[in-house]
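Asks: Okay, here's the structure, questions in a sec.
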Amino acid sequence: MSGMGITIAFWVMAAAAVGLSIAAISVRHPLKSAYFLVGVFFVTAALFLLLEARLLAVLQVLVYAGAIMVFIIFVIMLINLRPDQLGGRRMTLGKVIGLILGIGVVASASVVGYQAISARPIPKGFGQVEAVSTMLYTHFAFAFEAVSLLLLVAIIGAIVLAGKKGQEKKD
Amino acid sequence: MELTLPHFELSLYHFIGLSMVLFVTGAMGVLLRRNVLIVLMSLELMLNAANLALVAFSRFHAQHDAQVAVFLIMAVAAAEVAIGLAIIVKIFRDRQVINVDLIRGLKR
């Protein structure tokens, strides 16, 4: 992890990620917030590429920026808030100060503990489909199956909670 | 942060620091905002920050375990968003509220 180009790329992406995430939590309308969050996820995918995690970079774009954010934006459209329902004031001065202080404390904590831990050399094919999936289907086979069960529960739960049946019951 | 780094080499701490800042930003979003959709998105931001830290650990130790953990966390995040949004839609349909301070039916 050396070289001036990579370092400059890191700082640019770090600034973009922090700026976009602060924008995402401070804008008033959830739809704009979702747009900024998509930006954060893309920048994170680029950071994953910088860290040689190619499979995860692709999955980050597909799953987070693709599936999850599309789902959230669909629900924002479905709920379709009127401007008066957005409620609340914008970020007040106290909230802004709290945000800056909180981030500052954490950033200074990471500066204080600084040690120049450099990266170990990586084997060929690191972070690519074959290496990660071999680990996934051998050491983590049980966790993989458990997650598939969790996703099934999530599907059924979402249908039960928001499906048509509940609407009929209400009427 | 740059003052402590006269030389151009990225270390693990750069990524951990970035991850911490993103995590705190997400936590602030959860604590400060009252719109339940933005609270949910801030939760996603926190998960994303944790993923970044895990991938950085994976790269700097040259091991794949953490990348598998990130894969599983993505699946859990997807499940969480599905359930969370279903609950939000249900609450909005029943009571037309989106403010987390007004959702307190379980308190009674």
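Asks: Evaluate 2.2 N^0.38 Å with N set to the residue count of chain A, then give the Cα radius of gyration divided by it. Kindly include the intermediate steps, with their values, before the conclusion.
Replies: Values: Rg = 20.9 Å, N = 171, 2.2 N^0.38 = 15.5 Å.
It is 1.34.
Asks: Rounded to the nearest 500, what is the 222 nm mean residue ellipticity of chain A from helices alone, with -39500 (n - 2.57) per DSSP H run of 4+ residues and division by all residues? Could the numbers behind the result be given before it?
Replies: On the way: 8 runs with 120 residues, N = 171.
-23000 deg cm²/dmol, from helical runs alone.
Asks: Between A:ILE156 and A:ARG120, with labels modelled 7 Å along Cα→Cβ, what's the label distance in nm to one decimal, could you check?
Replies: 4.1
Asks: Ok, one more. Tell me, in nm to one decimal, what length is gained between A:ALA9 and A:VAL129 on full extension, where the rule is 0.36 nm per residue of separation less the Cα-Cα distance?
Replies: Result for the pair: 40.7 nm of gain on full extension.
Asks: Can you compute the FRET efficiency between A:ALA109 and A:MET77 using 1/(1 + (r/R0)^6), with r the Cβ-Cβ distance and R0 = 41 Å? Round to the nearest 0.05.
Replies: 0.55
Asks: Ok, one more. Please list the non-local residues whose amide H lies under 5 Å from the amide H of A:ILE117, H modeled 1.01 Å from N, same-chain partners needing a gap of 5 or more.
Replies: Sorted by chain and number, the residues that satisfy this are B:LEU12, B:TYR13.
Asks: Helix by helix, which DSSP H runs in chain A go 18 Å or more along their axis at the Cα atoms and have an average Kyte-Doolittle hydropathy of 0.5 or more? Could the numbers behind the result be given before it?
Replies: Numbers: long enough: A:4-26 (33 Å, 1.97); A:30-50 (30 Å, 1.88); A:93-112 (28 Å, 2.12); A:141-162 (32 Å, 2.58).
In chain A, the long hydrophobic H runs are A:4-26, A:30-50, A:93-112, A:141-162.
Asks: A further question on this structure: Ignore the peptide's own chain and count Cβ atoms of other chains within 10 Å of each Cβ in B:42-52; give me the average, rounded. All intermediate terms of the calculation are to be shown ahead of the outcome.
Replies: On the way: counts 5, 0, 9, 11, 0, 2, 9, 4, 0, 7, 7.
Taking all residues of B:42-52 together, the mean is 5.
Asks: Output the relative contact order of chain B, whole-number percent, from Cα pairs under 8 angstrom with separation of 6+ residues. Please report the intermediate quantities before stating the final value.
Replies: Values: 78 pairs, mean separation 27.2, N = 108.
Here the relative contact order equals 25 percent.
Asks: For chain B, what does -39500 (n - 2.57) per DSSP helix run (n ≥ 4), summed and divided by total residues, give at 222 nm, in deg cm²/dmol to the nearest 500? Can you show the working numbers first?
Replies: Values: 3 runs with 78 residues, N = 108.
Calculated from helices alone, the mean residue ellipticity at 222 nm is -25500 deg cm²/dmol.
Just so you know, all these numbers are worked out from the coordinates, no wet-lab data involved. Nothing here was measured: the structure is a model prediction, and the numbers come from that model. When we count neighbours, we look across all protein chains shown, and the Cβ atoms used for this are built from the backbone with ideal geometry, even at glycine.
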